[in-house]
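The values are calculated or read from the model by the stated rules, or taken from the named source; none is laboratory data. It should be emphasised that the depicted structure is a prediction, and the values quoted were computed from it without experimental measurement. Note that each Cβ is placed from the backbone with ideal geometry, even for glycine, and that neighbours are counted across all protein chains shown. The accessibility values were calculated without ligands, DNA or RNA, using every heavy atom of the protein model including side chains. Shrake-Rupley method; radii C 1.70, N 1.55, O 1.52, S 1.80 Å.
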Amino acid sequence: MIVMYTRLLIGGRWSDSADEKRFDVVNPATGDVIAQVASAAPADALEACDSAATAQPGWAAKSPRERSEILMDCHEVLIEHSQEIADLITNENGKPQADALGEVAYAAEFLRWNAEEAARLHGSFGVSPAGDKRMIVRHPPVGVVLMITPWNFPAAMITRKAAPALAAGNTVVIKPAKDTPLTALLVGKLLGDAGVPAGVINIVPTYSAGEWFEAAVAHRAVRMVSFTGSTGVGRTLLRHSADRVLKTTMELGGNAPFIVFADADLDATVEGAMIAKMRHSAQTCTAANRFFVETPIYHEFVERFSETMKTVTLGNGFDPDVTCGPLINAAAVARVDDLVDKALQDGAKRIIGHGRSDEKGFFYDPTVLVDVDVPSAITEHEIFGPVAPIIPFSDADRMIEAANSTEMGLIAYVYTQDLARGLGVAESLEAGMVGVNRAAVSDAAAPFGGMKQSGLGREGASEGLYEFCETQYIAANW
Ligand code: NAD
């Protein structure tokens, strides 16, 4: 039996929402309602901000070592409860158990990394060039941080933000996505069990994100908004944050090019292409969205990649044979189907794939498209589903121009055995991250984030920690 927490976590206590509303959480593999979760009203958003504001001075006053040890205990508790968390992830997000367990390990790693970093948050000390003063630079916490997270990594998108925020002495109010609130609430409960004091982490799911956010962002104690989600919603949150000149970090959408040169090791490339496209049921911001393949190996790549795509087993993530779960909801299936239909109408050819499935649940068949127009809807939009458009190229400069001709710039992949060329191409790509002969790049110790409309700021590494800090300069004579 999977234990589910379905109430709001505010100030270390479970509560129903002020207006007693609840919303359904659906298992996307079956379409069944698995829980009804309290839907925070604006009054609950304000109460959570009050609670974070009350807890913040005490949390910031703890020594870095104390905060570090609590975060290390949080890491251990998440690892101990890996299976329980993974079960909830598969239940409400649908991803296969192997991916869900991988996500929990990734989520826990942010707690360990930031526990280690908490004790190494440095400022600086110097003498001014004119020799007239001492210059002290320190990094106090920002204060209360609002965190808004997506459904595709229900655990990791929370710890990737909360771990550095807590390490730096902030307190947080987290609004998880309405599709996946159960994992967030369980993670919040476990972090409390591990010793995070009441009020330091508040978790308030809601069905009414807009009015929730407008109330919370106006709370006087809130000093920062940290968002992961689509670029469209990010823009809206930036506009609201501007009214109060709040600090923001934005981890937004992607449109990753996956570039294959003729000299690439084809076995490794097909393996990498499958990871970049299909991991976590093809619903990652880092998913390969456009495949550019050099003409001498184009046909062989299309054939081998399509054959491998045919081996994907769609189904309920609890089935150990399943390698791809459902899309998150019916709207996601309709959106992917629409993009594929438009591409087919414009002359693209479908090598494999049968479109949406008639089975219960929100499934879409793995699909490979060739003869795709560039640019077209499917190369311009984030597909967020198991569909791979493959485009041939013969002129590397024109291919790089096409790869860069998007407002997104989160990640890109380059496969070639000529490392000098791989690194040269990487440097010419407008992407915050580049995988060279490698499709899995995320790491708690690396700065994750995008250029252009893919985001502002970074998560992970020391960059991710300092995002949650102010900078104070003290000019002193003595
Ligand atoms: P989304 O933008 O629809 O929702 C993200 C979050 O914003 C959810 O919690 C949602 O409830 C909330 N939200 C929506 N409207 C809001 C409003 N008006 N005010 C306040 N909150 C609001 O995105 P999604 O569908 O949950 O996630 C998929 C998107 O997230 C993709 O674009 C993907 O690329 C992106 N993503 C980016 C990263 C990254 O690190 N760059 C990581 C994961 C996902």
Linear extension gain, SER376 paired with LYS21, 0.36 nm per residue minus alpha-carbon span: 123.6 nm
Going by amide H atoms built from the backbone, whose H comes under 5 Å of the H on PHE393, apart from near neighbours? VAL293, GLU294, THR295
Work out the length of the dipole vector of segment 408-469 about its Cα centre, built from +1 on the beta-carbon of each Lys and Arg and -1 on the beta-carbon of each Asp and Glu, and round it to the nearest 20 debye. 140
Of every Cα-Cα pair in segment 140-201, the percent that sits beyond 14 Å: 52
So what are the ³J(HN,Hα) numbers for segment 406-422, from phi and the Karplus equation (6.51, -1.76, 1.60; θ = phi - 60°), rounded to whole Hz, Gly and Pro as x? 9, 6, 8, x, 7, 8, 9, 10, 10, 10, 6, 8, 8, 4, 4, 5, x
Compute from the Cα atoms of the chain the Rg and the Dmax, the latter being the longest Cα-Cα distance, and quote both in angstrom. 22.9, 77
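Where both partners of a DSSP beta bridge lie in segment 143-255, what percent of those bridges are antiparallel, to the nearest 5?
Working: 0 of 18 bridges.
Bridges in segment 143-255 that DSSP calls antiparallel: roughly 0 percent.
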Rounded, prolate or oblate: pick one for segment 287-419, where a ≥ b ≥ c are the square roots of the eigenvalues of its C-alpha gyration tensor, a/c under 1.5 means rounded, and failing that, prolate if a/b is larger than b/c, else oblate. prolate
Counting only DSSP beta bridges with both partners in the chain, the antiparallel fraction in percent, to the nearest 5, comes to 40
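Given a 1.4 angstrom probe, I'd like the percentage of the accessible area of segment 121-201 that is carbon and sulfur, rounded to a whole number.
On the way: 1210 of 2150 Å².
Carbon and sulfur together cover 56 percent of it.
Largest first and in whole Å, give the semi-axes of segment 1-94's equivalent ellipsoid, each being the square root of 5 times a Cα gyration tensor eigenvalue. Walk me through the numbers on the way to the answer.
Numbers: eigenvalues 163, 100, 14 Å².
After scaling each eigenvalue by five and taking roots: 29, 22, 8 Å.
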Cβ-Cβ FRET estimate between GLU427 and TYR207, R0 fixed at 35 Å, reported to 0.05: 0.20
What whole-number distance in Å separates the alpha-carbon centres of segment 1-72 and segment 424-478? 28
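Grab the DSSP H runs of the chain that are 4 residues or longer, score each as -39,500 (n - 2.57), total them, divide by all residues and round the 222 nm result to the nearest 500 deg cm²/dmol. Kindly include the intermediate steps, with their values, before the conclusion.
Details: 15 runs with 196 residues, N = 478.
Here the helix-only value at 222 nm equals -13000 deg cm²/dmol.
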Which aspartates and glutamates have a Cα lying under 16 Å from the Cα of LYS95, excluding residues fewer than 8 positions away in the same chain? ASP32, GLU84, ASP87, GLU103, ASP179, ASP319, ASP321, ASP365
Leading residue at positive end of dipole, the chain (Cβ point charges), from HIS122, ALA330, VAL33: HIS122
Using amide H atoms built in the peptide plane, which far-off residues or other-chain residues are under 5 Å from ASN289 H to H? ALA256, PHE258
Return the sequence-ordered ³J(HN,Hα) values of segment 115-129 in whole Hz as given by the Karplus equation 6.51 cos²θ - 1.76 cosθ + 1.60 applied to θ = phi - 60°, using x for Gly and Pro. 4, 5, 6, 3, 8, 10, 8, 9, x, 8, 9, x, 10, 5, x
If every Lys and Arg gets +1 and every Asp and Glu gets -1 at its Cβ, then about the Cα centre segment 1-116 yields a dipole, in debye to the nearest 20, of 240
Any residue on another chain or 5+ positions along whose placed amide H is under 5 Å from the amide H of ASN437 is listed here as VAL414, TYR415, THR416
Inter-probe distance in nm under a simple model that places probes 7 Å from Cα toward Cβ, at ALA331 and PHE318: 2.7
Restricting to lysines and to Cα separations under 23 Å from LYS452, and discarding same-chain partners fewer than 8 apart, the set is LYS161, LYS247, LYS277
FRET efficiency for LYS133 and ALA105, using Cβ-Cβ distance with R0 set to 60 Å, rounded to 0.05: 0.80
Förster-model FRET efficiency, 45 Å R0, ASP338 and GLN83, C-beta, rounded to 0.05: 0.75
Share of alpha-carbon pairs per 10 Å distance bin for segment 326-387, given as whole %: 24, 57, 18, 1
Quick shape summary for segment 201-315, equivalent ellipsoid via Cα gyration tensor, semi-axes whole Å in descending order, reads 42, 16, 10
In degrees rounded to 10, the 0-90 angle between helix 156-167 Cα long axis and the longest Cα principal axis of the chain is 30
Per-residue HN-Hα couplings for segment 89-94, Karplus 6.51 cos²θ - 1.76 cosθ + 1.60 at θ = phi - 60°, whole Hz, x for Gly and Pro? 4, 5, 5, 9, 9, x
What residue among VAL142, ALA155, ILE70 has its Cα farthest toward the positive end of the dipole of segment 1-159, where the charges are +1 on Lys, Arg and -1 on Asp, Glu, each on the Cβ? VAL142
Highest mean first, how do 82-89, 173-180, 304-311 rank when packing is the count of other Cβ atoms within 10 Å averaged over residues? 173-180, 82-89, 304-311
